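The values are calculated or read from the model by the stated rules, or taken from the named source; none is laboratory data. Source: prediction; values computed, not measured. Quick reminder, even Gly has a Cβ in these numbers, built from the backbone with ideal geometry, and neighbours come from all protein chains shown. Surface areas here come from the heavy atoms of the whole protein model, side chains and all, with no ligands, DNA or RNA. Shrake-Rupley method; radii C 1.70, N 1.55, O 1.52, S 1.80 Å.
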Amino acid sequence: MGLNIIIESNIPFAQGLLEPYAQVSYLPPHLITPEAMRDADALITRTRTRCDAALLDGSRCSIIASATIGLDHVDREYCRGRGIEVANAPGCNAPAVAQYVLASIIAAYGTNLSGLTIGIVGVGHVGSIVERWAAQSGMNVLRCDPPRAESEGSGLFVDIDEIAHRADIITFHTPYTRTGKHATHHICDDAFLGKLQRRPMIINSARGAIVETDALKAAIESGRVSRAVIDCWEGEPDIDRQLLAQAFIATPHIAGYSRQGKIRATQMAVNAVARHFALPCPVMSEQVPEGAATNVTTKAIADSYNPLADTEELRMSPDKFEHLRNHYHLREEVI
């Protein structure tokens, strides 16, 4: 019996890559069902497909490859117990998310950012690019990353309370975790927001539940938060309409949606499946840079992307959150 691979149909640039080696079916998320997975050997997916016992019991699937950074949608403990390999695409869209963050800041403050203080919570793939570009723009940078501070020493990092006290802009770039020493569920909650000193802009382009929606709405209403930039929402796609109205920038989870980022993500997911089955790794027709531009200007960022246009589209059609996301015109990264 030959290989049977299911690929979510909203994943771009995938068609034709694995067809020489397998039977490939492209299905929208709502059709990736237990019945569809029963005879599947592999699944390449995004965050809208919950990969757990309900989907995979009775399936012969041996690898889940997600063309995303996060794996919140995958029950990794279940997969580990079943011997199912789980792969993702770390860093694939980091340059695009950094572009989104800086473009949002520029939309609020203009291209002269000198003297502003940015607090970056989570200094990994995305946060490190935001840090570099923010410093190049003349901003003061505060880095908060407790796991890195523990392993590397605390000298280059600050705690989250110092971010609350000193930052004009606070941007979150952590993974989403509910348990553990450094759980990130609702780290931006009423207690954190109550410590803010400088009426900062709050940016969430990481995971929806990092920010407690009701607490943020109250902080905006009271003036403790001057502006909010929300790309990731609790309860997507059924987003909070009051927060949509309050936010300075509100977008349908597309911060990482660059053409180059999607190419990287698809290549990484397809490569994982190819390695798993000892197949030749397919070569994409278009090669893209592995990482972000080393040096950028605020003008180049502003010219490359305007998040206010995407905000207007979402405000006009909030019920079309998924449609806007799935049919987003992939932008070019800043160079």
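Summary table below
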| read-out | value |
| --- | --- |
| Length gained when the stretch residue 312-residue 330 is fully extended (0.36 nm per residue, less Cα-Cα span) | 4.8 nm |
| Net lengthening on full extension, residue 136/residue 52 (0.36 nm per residue, minus Cα-Cα) | 25.9 nm |
| Principal axis dimensions, the range 294-333 - Cα atoms, whole angstrom, descending | 38, 17, 11 |
| Translational diffusion of the range 214-258, µm² s⁻¹ [Kirkwood Rh, Cα pairs; Stokes-Einstein; 25 °C; 0.890 mPa s] | 224 |
| Surface accessible to a 1.4 Å probe, residue 179 within the full protein complex, Å² | 110 |
| Stokes-Einstein D (µm²/s) once Rh is taken as the Kirkwood radius of the chain over alpha-carbon pairs, at 25 °C in 0.890 mPa s | 118 |
| For the range 1-153, the fraction of alpha-carbon pairs in successive 5 Å shells from zero, as % | 2, 8, 15, 16, 13, 10, 9, 10, 8, 5, 2, 1, 0 |
| Relative contact order [Cα under 8 Å, 6+ residues apart], the range 1-157, whole percent | 14 |
| Accessible heavy-atom area order of 277, 321, highest first, probe of 1.4 Å | 277, 321 |
| Share of carbon and sulfur in the accessible heavy-atom surface of the chain [1.4 Å probe, %] | 50 |
| Distance from the range 9-37 to the range 150-164 (C-alpha centre basis), Å | 43 |
| Accessible area per residue, Å², the range 1-97 with all protein chains present, probe 1.4 Å | 42 |
| Accessible surface, per residue, of the range 226-329 when the full set of protein chains is kept, probe 1.4 Å, Å² | 47 |
| Calculated FRET efficiency for the pair residue 277/residue 242, C-beta based, R₀ 45 Å, to 0.05 | 0.40 |
| Computed magnitude of the charge dipole of the chain (debye, nearest 20; Cβ of K, R +1, Cβ of D, E -1) | 400 |
| Top of 151, 104, 59 by mean-square fluctuation, Gaussian network on the chain, Cα under 10 Å | 151 |
| 10 Å-binned pair-distance histogram of the range 1-55 (Cα, whole percent) | 24, 58, 18, 0 |
| Convex hull volume per residue for the range 72-184, taking Cα atoms only, in Å³ | 124 |
| Residue 268 accessible area, 1.4 Å probe, all protein chains in place, Å² to nearest 10 | 60 |
| DSSP loop GluC sites (Glu not before Pro) with at most 13 other Cβ within 10 Å: longest gap in the chain | 1-285 |
| Distance histogram for the range 30-103 (every C-alpha pair counted, 5 angstrom bins, percent rounded to whole numbers) | 3, 16, 26, 22, 12, 7, 6, 4, 2, 0 |
| Inter-probe distance in nm under a simple model that places probes 7 Å from Cα toward Cβ, at residue 290 and residue 73 | 2.8 |
| Order of exposure, largest accessible area first, which applies to 276, 323 with probe 1.4 Å | 323, 276 |
| Rounded accessible area of residue 31 (nearest 10 Å², 1.4 Å probe) | 90 |
| Extent along principal axes [Cα atoms of the range 244-320; Å; largest to smallest] | 51, 36, 18 |
| Accessible surface, 1.4 Å probe, highest first, among residues 262, 320, 181 | 181, 320, 262 |
